[in-house]
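S.K.: I'd like to ask some things about the structure below.
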Amino acid sequence: MAKIEGGKIVPVKVSYSESLTKLSYAIILATLSLNKPKVGIHKYRHSGNLSAGIHSPANRFPLKHAGMTITYIETPLRLFYTTLFCIGIPFIILRLIWRGFSVNAYWHRWAERFGKGPVISDDAAIIWIHAVSVGEVEACRPLVKQLRTEYPDHQLLITTMTPTGSERVKLLFENSVFHCYLPYDLPFAIKRFLNRTKPQFGIIMETEIWPNLIYYCHKRNIPLVLANARLSERSTKGYAHFPEFIKETLQNLPLIAAQGQDDRKRFQQLGANIENVHAIGNLKYEITLPASLTEQADAMRHLWDSNRPVWVAASTHEGEEEMVINAARQVRALFPNLLLIIVPRHPQRFDRVAALAGKAGFKTLRRSDQQACPADVQILVVDTMGELPLFYAASDVAFVGGSLVPHGGHNVLEPAALGRAIVTGPHYFNFNEITTDFLRADAIIEVSDIQSLADTTIKLLQNPQQRAQMGEAALQLIAGSQSASTHLINLIKYNITHHAPD
């Protein structure tokens, strides 16, 4: 995808699942002149008392409006959306094949992507969580802990969309949860998935708005919660082009737990029921890092030379590594023993980034080489998964990538939780509210280009007191935002599992 910025065409990166949704939605715009939707009336009936509904797999949790008349809207847009998705299946498969050349895991488990998830026994009471990729899986960790406390008789199913998200689920939860990919948003795949897994209710992390998934869960009286939901101004404008379709989809969600007040207002603006949308804070604020992490980082720095300045550029995207390396040349003029650590966001780019660093004339080492990092190594490329917190902890200054290019930034909470001085570029629109909070608290510095990145990094490396002040401000901000999962659980208990039918 691309956009016009400053008179030039600039590429815009979007996630795999987001690209599928936006492609379908974009073509739907052509159908806005279709006839008005036909309205059908259906009545939900829920048998059994409340306690039976909670603990017995034979009964489902009652919706907030169970027993009341609920309107299903069969729109031409839904039919057209589904038709487009079906037409797009060959292209989706080709994309899986193409991505498989970079990440072999995309060649496997295709059946799950078309609804053949695990067959779960009727004896199991299932709570389902969807976390699209690594970031969402990490964000759901405090929620998983709370759900296990509040619903000890239930088992958890966690779905993802990406192989990296899948690997993270396995690493964090091992065999304590069911796991599979979420199927594509096709009616036959969604029905097959729901038939096999039989969730009592579902929690969708972030803003994965799949119209067919939400529609068929609503029809089956399976409440869905949109949790940790965020909605940028740009996405709101895009959704607003087809108001009836998005309004119907959002009104099929009995609970939307938005990250902030801005997100809450945007969901309401798009037609979500006001009483169903709540601003609870960000689950990612509830970050828990291993107690041993700082000790491991100190030991690693001792091997490098404790007095050596360390600058980490984390979650970088195409085009950013060149900018960081060019900035590092200027930093190295004042700090000749600087160690620059580059952590590319996507595994398929590891080789390319390592080659780029070497071609730029820097002595480069890859983390996967499993060698000590001697004093003559100038750039360390972290080409392993799951180690970013360790390298944040070992750094003096942390640049959070995806922000010097118009990708939208990444989460700043891991380096913040470690009390590090953080630098971001101007493109943090995917994490606008969090990043803005940290900017207002003087816990982050925003830069705009290579020169300002170099100047800011030099200033921070020269001023340990400023780094400490920024780190302390970040820690205080996180400490004041640690209750989002508790708020979410309370809303689920009231609106989803403990609200008796009228």
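The values are calculated or read from the model by the stated rules, or taken from the named source; none is laboratory data. Since the structure is predicted, the reported quantities are computational estimates derived from the model, not experimental observations. Please note: Cβ atoms are built from the backbone with ideal geometry, for glycine as well, and neighbour counts cover all protein chains shown.
S.K.: Can you give me the number of residues within the range 105-136 that are at pLDDT below 90, within 15 Å of G165 (Cα to Cα) and not β-branched (V, I, T)?
M.R.: Counting residues in the range 105-136 that are at pLDDT below 90, within 15 Å of G165 (Cα to Cα) and not β-branched (V, I, T) gives 3.
S.K.: Give all pairs with beta carbons closer than 6 Å in which a residue from the range 316-331 that is farther than 18 Å from G409 by Cβ meets a residue that is at pLDDT 95 or above; count only pairs at least 6 apart in sequence or on separate chains.
M.R.: As it stands, the answer is I325/A360; N326/I450; A328/L340; Q330/A454; V331/L338; V331/A454; V331/T457; V331/I458, since those pairs meet every condition given.
S.K.: Considering each of R308, R301 in turn, give the residue that is in a helix (DSSP H, G or I) and of a type in the set (D, E, K, R).
M.R.: Just a single option satisfies the conditions, and that option is R301.
S.K.: Determine if the range 292-299 includes at least one residue that is charged (D, E, K, R) and crowded, with 21+ Cβ neighbours inside 10 Å. Can you show your working first?
M.R.: Filtering the range 292-299 down to residues charged (D, E, K, R) leaves 295, 298.
Within this subset, residues satisfying the condition of being crowded, with 21+ Cβ neighbours inside 10 Å are none.
No.
S.K.: For the list (1) more than 28 Å from S315 (Cβ to Cβ); (2) free of Cβ contacts under 8 Å to residues at least 60 places away in the same chain, I need the number of the one condition that L186 fails.
M.R.: (2)
S.K.: So T316 passes all but one of these: (1) at pLDDT 95 or above; (2) among the β-branched types (V, I, T); (3) assigned by TED's automatic domain parsing to the domain that holds K493. Which condition number does it fail?
M.R.: It fails just one condition, (3).
S.K.: I've got another one for you. From the set of residues in the range 370-402 that are in contact with a strand residue (DSSP E or B) (Cβ under 7 Å, 6 or more places away or on another chain) and free of Cβ contacts under 8 Å to residues at least 60 places away in the same chain, which is farthest from A314 (Cα to Cα)? Steps first, please.
M.R.: To start, the set of residues in the range 370-402 that are in contact with a strand residue (DSSP E or B) (Cβ under 7 Å, 6 or more places away or on another chain) comprises 371, 373, 377-383, 388, 391-392, 394-402.
When the remaining residues are screened for being free of Cβ contacts under 8 Å to residues at least 60 places away in the same chain, the result is 371, 377-383.
Details: Q371: 21, V377: 18, Q378: 16, I379: 13, L380: 12, V381: 10, V382: 9, D383: 12 Å.
Looking at the filtered set, the residue picked out is Q371.
S.K.: Restrict the check to the range 463-483 and report whether at least one residue is closer than 30 Å to I222 by Cα and within 21 Å of the chain's Cα centre (by Cα). I'd like the intermediate steps shown before the answer.
M.R.: We begin by selecting, within the range 463-483, every residue closer than 30 Å to I222 by Cα; these are 482-483.
Applying the additional criterion that residues be within 21 Å of the chain's Cα centre (by Cα) yields 482-483.
Within the range 463-483, one or more residues are closer than 30 Å to I222 by Cα and within 21 Å of the chain's Cα centre (by Cα).
S.K.: A further question on this structure: Give R230, R308, R220 a once-over and let me know the one that is under 30 Å from R192 (Cα atoms) and surrounded by fewer than 17 Cβ atoms within 10 Å (Cβ to Cβ).
M.R.: On the way: R230 fails: surrounded by fewer than 17 Cβ atoms within 10 Å (Cβ to Cβ); R308 fails: under 30 Å from R192 (Cα atoms).
On inspection, the qualifying residue turns out to be R220.
S.K.: When you check A454 against the structure, is it modelled with pLDDT of 90 or more, aliphatic (A, V, I, L, M) and surrounded by fewer than 19 Cβ atoms within 10 Å (Cβ to Cβ), yes or no?
M.R.: Values: modelled with pLDDT of 90 or more: yes; aliphatic (A, V, I, L, M): yes; surrounded by fewer than 19 Cβ atoms within 10 Å (Cβ to Cβ): no.
Taking the combined requirement at face value, the residue does not satisfy it.
S.K.: Scan V132, V177 and give me the residue that is β-branched (V, I, T) and surrounded by fewer than 22 Cβ atoms within 10 Å (Cβ to Cβ). If you could, list the steps in order and put the result at the bottom.
M.R.: Numbers: V132 fails: surrounded by fewer than 22 Cβ atoms within 10 Å (Cβ to Cβ).
Exactly one residue qualifies, and that residue is V177.
S.K.: Let me ask something else about it. Hey, can you tell me all the residues within the range 359-371 that are part of a helix (DSSP H, G or I) and either among the hydroxyl-bearing types (S, T, Y) or surrounded by 14 or more Cβ atoms within 10 Å (Cβ to Cβ) (or both)? Spell out how you get there, then give the answer.
M.R.: At the first step, the residues of the range 359-371 found to be part of a helix (DSSP H, G or I) are 359, 367-369.
Correct list: R367, S368.
S.K.: Further question on the same structure: Residues that are acidic (D, E): which strands (runs of 3 or more DSSP E) entirely in the range 394-475 hold 1 or more of them? Steps first, answer last, please.
M.R.: Working: elements: 397-400, 421-424, 444-446.
Passing ranges, in order: 444-446.
S.K.: Here is a list of conditions, (1) buried (at least 20 other Cβ atoms within 10 Å of the Cβ); (2) at negative phi; (3) not assigned by TED's automatic domain parsing to the domain that holds F399, and H278 meets all of them except one; can you say which number that is?
M.R.: (1)
S.K.: Need the failing condition index for A473 against (1) closer than 14 Å to W311 by Cβ; (2) among the hydrophobic types (A, V, I, L, M, F, W, C); (3) surrounded by 17 or more Cβ atoms within 10 Å (Cβ to Cβ), just the number.
M.R.: Only one criterion is unmet by A473, namely (1).
S.K.: Please state which of the following conditions G271 fails to meet, knowing it meets all the rest: (1) among the small types (G, A, S); (2) assigned by TED's automatic domain parsing to the domain that holds V447; (3) surrounded by fewer than 21 Cβ atoms within 10 Å (Cβ to Cβ).
M.R.: It fails just one condition, (2).
S.K.: Could you list, in sequence order, the residues of the range 185-241 that are β-branched (V, I, T) and under 24 Å from V144 (Cα atoms)?
M.R.: Matches in the range 185-241: I190, T197, I203, I204, T207, I209, I214, I222, V225.
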